[in-house]
1. Below 8 Å, C-alpha to C-alpha, sequence gap of six or more: please give me the relative contact order for segment 251-333 in percent.
2. Considering only Leu206, Leu397, Leu376, give the residue with the highest GNM mean-square fluctuation for the chain, with springs between Cα atoms whenever their separation is below 10 Å.
3. Can you tell me the dipole magnitude for the chain around its Cα centre, using point charges on the Cβ only (Lys, Arg +1; Asp, Glu -1), in Debye to the nearest 20?
4. Could you tell me the relative contact order of the chain? Use alpha-carbon pairs under 8 Å, at least six residues apart, and round to a whole percent.
5. Considering only DSSP states other than H, G, I, E and B, which trypsin sites (Lys or Arg not before Pro) in segment 180-212 qualify as loop sites with at most 13 other Cβ atoms within 10 Å?
6. Quick check: the distance between the Cα centres of segment 136-214 and segment 358-373, to the nearest angstrom?
7. Mark the label point 7 Å from the Cα of Arg282 along Cα→Cβ and return the residues of segment 326-345 whose backbone N is within less than 12 Å of it.
8. Dipole of segment 19-89 (Lys/Arg Cβ +1, Asp/Glu Cβ -1, origin at the Cα centre): which of Ile84, Phe62, Pro22 lies farthest to the positive side?
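Every number here is computed from the coordinates shown, using simple stated rules; none is lab data. From a predicted model like this one, the values you see are computed outputs, not experimental measurements. Counting neighbours? That spans all protein chains shown, and the Cβs are built from the backbone with ideal geometry, glycine included.
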Amino acid sequence: MTVSKALEGVRVLDMTHVQSGPTCTQILAWFGADVIKIERPGEGDATRSQLRDIPDVDSLYFTMLNSNKRSVTLNPKTEAGARIFKRLIEECDVLVENYAPGAIDRMGFPWEKIQEINPRMIYASVKGFGPGPYEDCKVYENVAQCTGGAASTTGEIESLPLVTGAQIGDSGTGIHLVAGILAALFHREKSGRGQRVTCAMQDAVLNLCRVKLRDQQRLARGPLKEYPQFLNGGFGNAVPRAGNASGGGHPGSVVRCKGWETDPDAYIYVIAQSGAFPALARVIGHEDWLNDPEYNTPEARLHKLDQVFAEIEKWTMTMNKMDVMATLNPLNVPNGPILSMKELAEEQALRDTGTVVEVDHPERGKYLTVGNPIKLSDSPAVVRRSPLLGEHTDEVLRTVLGLDDKEIHAARLQGAI
Ligand SMILES: CC(C)(COP(=O)(O)OP(=O)(O)OC[C@H]1O[C@@H](n2cnc3c(N)ncnc32)[C@H](O)[C@@H]1OP(=O)(O)O)[C@@H](O)C(=O)NCCC(=O)NCCS
């Protein structure tokens with residue numbers, strides 16, 4: 001196997017901050033692109049100092065979103081900074097940004113100008129909303145979860161809308177943006193031209209909630225049989241929250257396991273898939289269901305799901321969740337123990353695949369991060385620590401832009417770097 005970086009030779013001008021944009025450029029960096037993160041002199045990405053666990057040391061919020069990047073401090077709003085920024089546009093292949101709508105334009109670099117400076121440039125942005133009434137709004141993760149349909153469809157029945165811990169608004173949009181950038185890079189091979197790539201957080205969340213828009217249309221034709229509301233109260237005119245019901249083709253539920261009284265994660269998700277139902281019924285001691293017309297078809301069981309899962313739970317409560325999993329997997333019964341962050345951090349298999357990685361940082365020491373979940377056979381990702389603020393300013397100005405000591409000194413005097 002010849003190992004080489006998939007995006008070797010691609011240079012990314014990284015004007016991102018907080019989470020959505022940094023997620024995108026971190027993946028590009030793992031694929032081997034040279035990602036040059038531009039940060040405001042003296043302050044840097046606001047997340048460097050947010051949710052700090054060690055005084056004066058870059059937070060885990062920052063370090064876990066900015067691996068494998070170089071950091072350059074630069075203020076494009078100064079005269080020397082604008083010159084350097086223009087030179088960076090000339091030398092880079094992709095510009096990624098997720099500032100507030102219009103921020104890069106206000107720096108003096110609207111898309112038309114960027115394209116004029118470098119027609120091969122791919123200019124990729126994350127914004128909260130696409131064109132329309134909300135296009136000027138600033139948006140964070142939970143706003144996107146609420147406006148993209150996730151919150152209205154997540155939560156217990158007849159209870160508050162809930163946001164999820166999975167960062168589908170920020171990281172979800174960043175990952176969508178990666179796909180757009182790679183498509184534009186591929187297209188540039190043929191056309192010789194870069195293009196604008198935009199991804200709105202509302203759109204990305206809605207894309208991830210596509211099955212709920214499916215259900216919205218099904219609802220117009222009749223009740224949604226797999227939703228608990230089918231038995232317990234009926235439907236309104238919009239897709240409701242359905243607790244932990246699968247909402248897919250097969251009924252599923254979270255059930256308690258041994259130790260649930262004291263362990264908040266002693267639960268497992270069990271899917272009563274029709275093909276595996278006989279094996280599931282047997283293992284929980286309900287072979288009788290297999291000849292009982294009240295239970296032996298998926299349609300009959302639809303009316304008895306509460307009882308079915310109550311019986312499954314009686315059985316799961318006799319074992320710890322990993323033993324339940326070990327018993328159900330050979331029976332082809334799909335299931336998922338509720339794994340805590342502690343358990344995931346300690347999971348050896350995730351360490352072995354590089355999905356959970358420990359890296360060393362000069363100021364914080366060792367820390368854990370999530371490595372690249374996208375595995376390429378010939379281009380494995382090697383995760384390196386995040387850069388210190390401005391760690392690579394001189395190096396990039398010298399080696400990428402060819403600036404000399406005098407020019408760098410002059411820019412520094414102006415506060416441009
Ligand atoms: C995330 C967000 C809400 C944060 O808002 P914010 O903290 O107020 O920051 P802004 O994006 O408005 O940027 C603040 C300013 O910093 C400036 N700035 C950024 N980098 C700079 C640099 N290197 N040098 C000088 N100024 C810089 C911007 O030009 C902007 O100034 P302006 O308002 O005068 O134009 C906003 O950036 C946003 O909506 N982004 C798009 C959606 C998004 O990605 N959200 C998810 C974030 S995880």
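1. Values: 90 pairs, mean separation 33.5, N = 83.
Taking the mean separation of contacting Cα pairs over the length of segment 251-333, I get 40 percent.
2. Ranking Leu206, Leu397, Leu376 by mean-square fluctuation puts Leu376 first.
3. On the way: 45 positive and 53 negative charges, 203 e Å.
About 980 debye.
4. Numbers: 727 pairs, mean separation 81.5, N = 417.
For the chain, the relative contact order is 20 percent.
5. On the way: sites: Arg188, Lys190, Arg193, Arg196, Arg210, Lys212; in loops: Arg193.
Answer by residue number: Arg193.
6. 27
7. Zone members listed by number: 331-332.
8. Working it through, the farthest residue towards the positive pole turns out to be Ile84.
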